[in-house]
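Report on the structure given below.
Any read-out appearing in this document is the output of simple, stated calculations on the displayed coordinates, not a laboratory observation. Please read these numbers as outputs of a predicted model, since none were measured by experiment. Because the Cβ atoms are built from the backbone with ideal geometry, glycine has one as well, and the counts that use them run over all protein chains shown.
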């Protein structure tokens, strides 16, 4: 009998040394009732650039990833790719409209837990770690191209 994986998610946001409620760049998204087998989707996005508008962009990227994931057909990795492709296209289009020097780069890490397995997708310079048998493992040792820079997506996948 295999153990079911569990997660604990905590959010802490500091602005000018003060704790702020909410974090627009972190979400745990529940599947719609008809798609429970797709698992719970954990999302972390980061966006560079000026502070004005950054929280809204993070919120939109999290939403794009969730909608892309839960609407896409196929297996977990195909759905994770679809979610990251949707977020990448959203930020890419934003960058096309941005003034010179106002473009933003992004990164994302998504995880889906199903039973005793975890599927992780990473795009951009973010990195993910897992603890396996008491050992902390960093999943990517080098940076990947950032989210929103090109139409193409370069997604790294990990399965444990």
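Based on the mean of other beta carbon atoms within 10 Å per residue, what is the order of 111-121, 128-138, 51-61, most packed first?
On the way: 111-121: 17.9, 128-138: 9.9, 51-61: 15.6.
Ranked from most to least packed, the peptides come out as 111-121, 51-61, 128-138.
For the chain, find the longest principal axis of its Cα atoms and tell me its angle to the long axis of helix 76-97, 0 to 90°, nearest 10.
For 76-97 against the chain, the angle is about 10 degrees.
Given the rule -39500 (n - 2.57) for each run of at least 4 DSSP H residues, summed and divided by the residues of the chain, what is its mean residue ellipticity at 222 nm, to the nearest 500 deg cm²/dmol?
Numbers: 2 runs with 40 residues, N = 160.
My calculation for the chain gives -8500 deg cm²/dmol from helical runs alone.
Among rounded, prolate and oblate, which fits the range 28-67 when a ≥ b ≥ c are the square roots of the eigenvalues of its C-alpha gyration tensor, a/c under 1.5 means rounded, and a/b larger than b/c means prolate?
Since a/c reaches 1.5 and a/b is larger than b/c, the shape of the range 28-67 is classed as prolate.
From the gyration tensor of the Cα coordinates in the range 102-160, what semi-axes in whole Å does the equivalent ellipsoid have, largest first, with each one equal to sqrt(5λ)?
25, 12, 8
Evaluate E = 1/(1 + (r/R0)^6) for residue 97 and residue 154, where r is the Cβ-Cβ distance and R0 equals 22 Å; express this FRET efficiency to the nearest 0.05.
Working: r = 23 Å, r/R0 = 1.04.
That pair, residue 97 with residue 154, gives E of 0.45.
Rounded to the nearest 0.05, what FRET efficiency do residue 40 and residue 18 give with R0 = 35 Å and r taken as the Cβ-Cβ distance? Could you check?
0.70
Can you give the percent of C-alpha pairs in the range 24-159 whose distance is more than 21 Å?
Values: 3513 of 9180 pairs.
Value for the range 24-159 (Cα pairs over 21 Å): 38 percent.
Report, to the nearest 10°, how far helix 54-71 tilts away from the longest principal axis of the Cα atoms in the chain, using its own Cα long axis and a range of 0 to 90°.
40
State the extension gain, in nm to one decimal, for the chain segment bounded by residue 89 and residue 139, taking 0.36 nm per residue of separation less the distance between their alpha-carbons.
Roughly 15.5 nm would be gained on extension.
Residue 59 to residue 127: FRET efficiency via 1/(1 + (r/R0)^6), r the Cβ-Cβ distance, R0 30 Å, to the nearest 0.05?
0.85
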